[in-house]
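One structure below.
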Amino acid sequence: MTDHRDDQRRGPAENETADNGSDIDGSDGDRLFSEANAWFFRLQSDDHTPAERAAFADWLARSPAHADAWTGLQSLLHDLKEPARAAYAASRSAPSRRPAAAGVRRFAAAMAVLLVVGGLGVWRGPMLYQNAVADQVTSAGQRRTLTLPDGSTAEMNGGTALALDFRDGERRVRILRGEAWFHVTRDPDHPFVVDGGAGAARVLGTQFSVRREDGRTTVTVGEGLVEVSAHPGTDSHAPWPDSVRLHPGESAEAGPLGLSGPRAADPAVAFAWRQGQIVFRQQSLASVIAALNGQWPGRVVLLNDEAAERVVSGVFALDRPDAVFDALERGLGVHATRITPYLTLLR
């Protein structure tokens with residue numbers, strides 16, 4: 001996905017105009033509230049930069065209206081307690097008068113941000129720890145290719161954290177979260193081990209991916225032979241209990257109940273992220289949104305329970321979110337509202 005770091009240094013708001021502190025009309029009030037929303041969300045992200053913090057300080061000091069928008073957002077987030085779906089219900093029953101509609105838009109936007117940031121609070125602690133102990137980290141929507149000390153390569157998907165151990169002849173990678181593809185340099189005397197928590201993969205030289213998500217470890221093979229274990233021993237040369245061998249086009253999953261597989265895997269689906277794509281085949285909209293949230297900075301929030309189980313199929317470019325939302329609107333009848341560059345509501 002395209003790196004928007006330069007845009008982020010300029011701030012979440014686009015096409016800003018100078019304010020002189022005079023009274024503002026309703027449209028400017030909506031704009032400033034949206035910008036405050038964007039800043040609030042951006043500053044919760046682990047990868048925000050000192051330049052962005054400085055840009056936010058400049059934005060906040062630009063006029064009394066900017067400060068009022070920020071204070072109003074903080075007060076609203078503090079006071080609101082109902083879930084985001086209540087905001088959606090309120091928006092459906094609200095009068096159609098324009099002032100009321102503007103208020104509902106603000107209410108729904110703040111409620112969605114509250115929901116998102118509240119969700120961040122659940123996993124932010126583990127993420128901070130993972131980032132602290134990791135050697136390499138990617139944020140959502142960012143991909144990176146590494147050359148490892150033994151000459152192997154690792155392609156990191158977005159939202160991934162890796163810890164590397166290549167000391168004393170060891171070739172070991174720990175996936176703390178996320179997904180990576182490995183092209184391993186062959187070395188019969190030193191097996192290459194990727195530990196994904198619930199399970200691990202051990203190879204001598206091959207190409208495969210490992211994904212760690214929701215307490216499960218999934219290994220998918222593109223080339224060669226990979227041994228997968230649900231409970232790897234501390235000695236990389238010792239036999240592993242509960243293990244399977246995977247061939248190209250196969251995958252296995254390790255979880256709390258042990259190891260499942262091998263099963264057939266479609267490389268076009270499993271490895272699509274390496275080409276900047278994401279593929280869905282007869283998947284629920286809820287699972288599609290979960291996958292998109294793992295690939296994009298920001299958040300997509302579904303406010304329509306009835307649409308959660310609708311089936312989605314398609315191939316989408318990860319750097320074209322508008323095209324994804326357009327396809328969902330045309331195919332499923334949902335409506336996408338872009339509150340900020342970092343928050344989209346589906347209704």
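The values are calculated or read from the model by the stated rules, or taken from the named source; none is laboratory data. The model shown is predicted, which means the values in this text are computed figures rather than measured ones. Every residue, glycine as well, gets a Cβ built from its backbone with ideal geometry; the counts of neighbours run over all protein chains shown. To get the accessible areas, we keep the full protein, side chains included, count just its heavy atoms, and leave off ligands, DNA and RNA. Shrake-Rupley method; radii C 1.70, N 1.55, O 1.52, S 1.80 Å.
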### Task
Kindly establish whether ARG212 is open to solvent by 50 Å² or more (accessible area, probe 1.4 Å), free of Cβ contacts under 8 Å to residues at least 60 places away in the same chain, in contact with a Leu (Cβ under 8 Å, 6 or more places away or on another chain) and under 22 Å from ASP266 (Cβ atoms).
yes
### Query
Is it the case that region 124-138 has a residue that's of a type outside the set (Asp, Glu), in a loop (DSSP other than H, G, I, E, B) and over 22 Å from ALA198 (Cβ atoms)?
no
#### Entry: Residue among GLY298, GLY333 that alone is open to solvent by 40 Å² or more (accessible area, probe 1.4 Å) and farther than 28 Å from VAL228 by Cα
GLY333
#### Entry: Verdict on ASP165 being among the acidic types (Asp, Glu), surrounded by fewer than 19 Cβ atoms within 10 Å (Cβ to Cβ) and at pLDDT 90 or above
yes
### Task
Please specify each residue of region 241-261 satisfying the condition of being surrounded by fewer than 13 Cβ atoms within 10 Å (Cβ to Cβ), in contact (Cβ under 8 Å) with a residue 24 or more places away in the chain and closer than 16 Å to ASP214 by Cβ.
PRO256
#### Entry: Test result for VAL324, touching a strand residue (DSSP E or B) at 6+ places or on another chain (Cβ under 7 Å), open to solvent by less than 20 Å² (accessible area, probe 1.4 Å), touching a residue at least 24 places away in the same chain (Cβ under 8 Å) and of a type in the set (A, V, I, L, M, F, W, C)
yes
#### Entry: Condition check for ARG143: within 22 Å of LEU318 (Cα to Cα), open to solvent by 10 Å² or more (accessible area, probe 1.4 Å) and in contact with a Ser or Thr (Cβ under 6 Å, 6 or more places away or on another chain)
no
### Task
Tell me which residues, restricted to region 142-172, are touching a Pro at 6+ places or on another chain (Cβ under 8 Å) and more than 18 Å from SER209 (Cα to Cα).
PHE166
### Task
Quick one: count up the residues across region 305-319 that are at pLDDT 85 or above and open to solvent by 30 Å² or more (accessible area, probe 1.4 Å).
6
#### Entry: Scope region 38-84; condition modelled with pLDDT under 75, within 20 Å of ASN131 (Cα to Cα) and either among the polar types (S, T, N, Q) or out of contact with any His (no Cβ under 9 Å at 6 or more places or on another chain) (or both); matching residues
PHE41, LEU43, GLN44, SER45, ASP46, ASP47, HIS48
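Here are some residues: ILE289, ILE278. Which one is of a type in the set (A, V, I, L, M), within 21 Å of ASN157 (Cβ to Cβ), part of a strand (DSSP E or B) and under 17 Å from the mean Cα position of the chain (by Cα)?
ILE278
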### Message
Just to be sure I understand, how many residues within region 216-238 are at pLDDT below 50 and either hydroxyl-bearing (Ser, Thr, Tyr) or open to solvent by 40 Å² or more (accessible area, probe 1.4 Å) (or both)?
### Response
4
## Note on the structure
ARG281 vs (1) over 22 Å from HIS183 (Cα atoms); (2) surrounded by 13 or more Cβ atoms within 10 Å (Cβ to Cβ); (3) in contact with a helix residue (DSSP H, G or I) (Cβ under 8 Å, 6 or more places away or on another chain): all pass except (2)
### Message
It is to be established whether one or more residues within region 263-274 are open to solvent by less than 30 Å² (accessible area, probe 1.4 Å) and under 20 Å from LEU343 (Cβ atoms).
### Response
no
### Query
Of the residues VAL117, VAL133, VAL184, VAL122, which is of a type in the set (Val, Ile, Thr) and either at pLDDT 90 or above or surrounded by 16 or more Cβ atoms within 10 Å (Cβ to Cβ) (or both)?
VAL184
### Task
Report whether or not VAL288 is touching a helix residue (DSSP H, G or I) at 6+ places or on another chain (Cβ under 7 Å) and at pLDDT 85 or above.
no
### In region 146-162, residue most open to solvent (accessible area, probe 1.4 Å) [restricted to those that are under 23 Å from ALA291 (Cβ atoms) and in a strand (DSSP E or B)]
GLU155
